[in-house]
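Just below is one structure, and these are the notes that go with it.
The values are calculated or read from the model by the stated rules, or taken from the named source; none is laboratory data. Just so it is clear, the model here is predicted, and its values are computed rather than measured. FYI the Cβ positions are ideal-geometry reconstructions off the backbone, even for glycines, and counts take in every protein chain you see. Please note that ligands, DNA and RNA were not included when accessible areas were found on the heavy atoms of the full protein model with its side chains. Shrake-Rupley method; radii C 1.70, N 1.55, O 1.52, S 1.80 Å.
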Amino acid sequence: VVKFRRTGESSRSDEDGISGEHEVHIEGVRTELEPVELEDGAAVPKEFANPTDDTFMVEDAVEAIGFGKFQWKLSVITGLAWANAMEMMILSILAPQLHCEWRLPSWKVALLTSVVFVGMMSSSTLWGNISDQYGRKTGLKISVLWTLYYGILSGFAPIYSWILVLRGLVGFGIGGVPQSVTLYAEFLPMKARAKCILLIEVFWALGTVFEVLLAVVVMPTLGWRWLLILSALPLLLFAGLCFWLPESARYDVLSGNQEKALATLKRIATENGAPMPLGKLVVSRQEDRGKMRDLFTPHFRWTTLLLWFIWFSNAFSYYGLVLLTTELFQAGDVCSISSRRQEVKAKCSLTCEYLTEEDYTDLLWTTLSEFPGVLVTLWIIDRIGRKKTMALSFLVFSFCSLLLFLCVGRNVLTVLLFIARAFISGGFQAAYVYTPEVYPTATRALGLGTCSGMARVGALITPFIAQVMLESSVYLTVLVYSGCCLLAALASCFLPIETKGRGLQESSHKEWGQEMVGRGSHSPG
């Protein structure tokens, strides 16, 4: 029996029924052939391997190999990089400590936080460009090692100006850590991608919780310098394990390194105990990588602009809520803030209070509210899609913000703030799923990097709303956050591409979705 597949055009009409796969029985062929037995794990001889002219792409191989042992290891290692949330959470613990210990005025304390976001904003696009030009693994390793080095060095800062510069350099390194999502996503099969990216976000929440617990133990005994040094522990573990990380096979194929990509795919197949697809790996058309202009081609222009606003709104609202939570808890409710503010104005700017055990407990409960956000997003993102998940998260946050206008008690206030934070963090996680999926391999890291940069702009602006504007008008402050998220919900609905159920796009020269639905789904027509 000879099996053949019709792949080209033929002079015969479609009505002849010659399409798809066919079998032809040939008479007179000798059937007594010698059987060939192979030992377990032995390579298939060349004369028997790949008997067809089939080809496959990286997407096909990743789908065929599936999720397994390799992806579990990758989840843990990239998760360690994502636990850099400790470097962010430490800001809320370090600021009041230095305010008291070094007798810093309020504006210097605020600058210590802002300089980290300035570093992140200035470097996000650069790290994305490096990852598109020189590889995902290269960009991620350099950014993590950079953050680790300056994070430990911060613990030895003798004066304020030194720690200001060093924390700014830490922020510069943190700007590249989101590229771990790019590397991670490119090794995940379609069905597991959304769930896995959301679960890796759990490492962020775990990092914040671990930082608070570490502070409870370290701050009373060893002090803030040891807290800074020990907070780099997850990144130190990543640095020790990053030698295991492979380069993205999608990146290797796009940059013309077919053999390296094939070796990576075979390694994944071996670790997962799954077979490789038969045939030859297709080398995608080589393209210029990491070019900003590719984000503004007619096909991606609106997607890029809308995503920038969505990411801006996410960070603006998320960090704004974190700052507002402290203010609202201390006042009791929105209606009490105005009277409280007038009392605070009479105090000296150098007046300080060390964090108490109750403060650490409040911080811990606040950070724990992000876990429900992960679970809700995990449950709905593959049911209603990425766009609707982001829109729903923004709408719930906006609604909860408007309810703060009511003079509610502390218990109701706590419930509203926790629901709002759960959903805005869930929206952030949905954006981390959607953004790597919507851009092609040539600009995926740059697209994520620029979006991350816009998020840092929102994080930079939000203290002026949550703290400065709050002094003049509480209701206007709440209205700004609610209105911003309402616009972000509309922006999510207007995104032109829904990535649910689609694979990752390899080339920017193909229409979106052309190679995404799956090679097996093409009908004979």
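Summary of computed values
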quantity: Of all residues making up region 217-236, the number that are surrounded by fewer than 16 Cβ atoms within 10 Å (Cβ to Cβ) and more than 15 Å from residue 170 (Cβ to Cβ); calculated: 6
quantity: Residues within region 128-159 that are closer than 28 Å to residue 323 by Cα and open to solvent by less than 30 Å² (accessible area, probe 1.4 Å), tallied; calculated: 8
quantity: Pairs, first touching a residue at least 12 places away in the same chain (Cβ under 8 Å) and more than 12 Å from residue 65 (Cα to Cα) in region 253-278, second open to solvent by 40 Å² or more (accessible area, probe 1.4 Å) and of a type in the set (A, V, I, L, M, F, W, C), C-beta under 7 Å, six or more apart; calculated: 253/283; 256/283; 258/283
quantity: Region 274-295: number of residues that are open to solvent by 70 Å² or more (accessible area, probe 1.4 Å) and either modelled with pLDDT of 80 or more or touching a His at 6+ places or on another chain (Cβ under 7 Å) (or both); calculated: 2
quantity: Matching residues in region 359-397 - criterion: being in a helix (DSSP H, G or I), among the small types (Gly, Ala, Ser) and either open to solvent by 10 Å² or more (accessible area, probe 1.4 Å) or modelled with pLDDT of 85 or more (or both); calculated: 391, 393
quantity: Residue match in region 87-104 (condition: among the hydroxyl-bearing types (Ser, Thr, Tyr) and at pLDDT below 80); calculated: yes
quantity: In region 215-274, the residues that are hydrophobic (A, V, I, L, M, F, W, C) and outside any helix (DSSP H, G or I); calculated: 219, 222, 232, 245, 274
quantity: Condition met for residue 514 (modelled with pLDDT under 75, open to solvent by 40 Å² or more (accessible area, probe 1.4 Å), of a type in the set (S, T, N, Q) and assigned by the TED database to the domain that holds residue 306); calculated: no
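Residue-wise test of (1) in a helix (DSSP H, G or I); (2) among the small types (Gly, Ala, Ser).
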{"residue": "158", "(1), (2)": "no, no"}
{"residue": "173", "(1), (2)": "yes, yes"}
{"residue": "184", "(1), (2)": "yes, no"}
{"residue": "187", "(1), (2)": "no, no"}
{"residue": "192", "(1), (2)": "yes, yes"}
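Conditions tested, residue by residue: (1) free of Cβ contacts under 8 Å to residues at least 60 places away in the same chain; (2) over 21 Å from the mean Cα position of the chain (by Cα).
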| site | (1), (2) |
| --- | --- |
| 87 | no, no |
| 90 | no, no |
| 96 | no, yes |
| 111 | yes, yes |
| 118 | no, no |
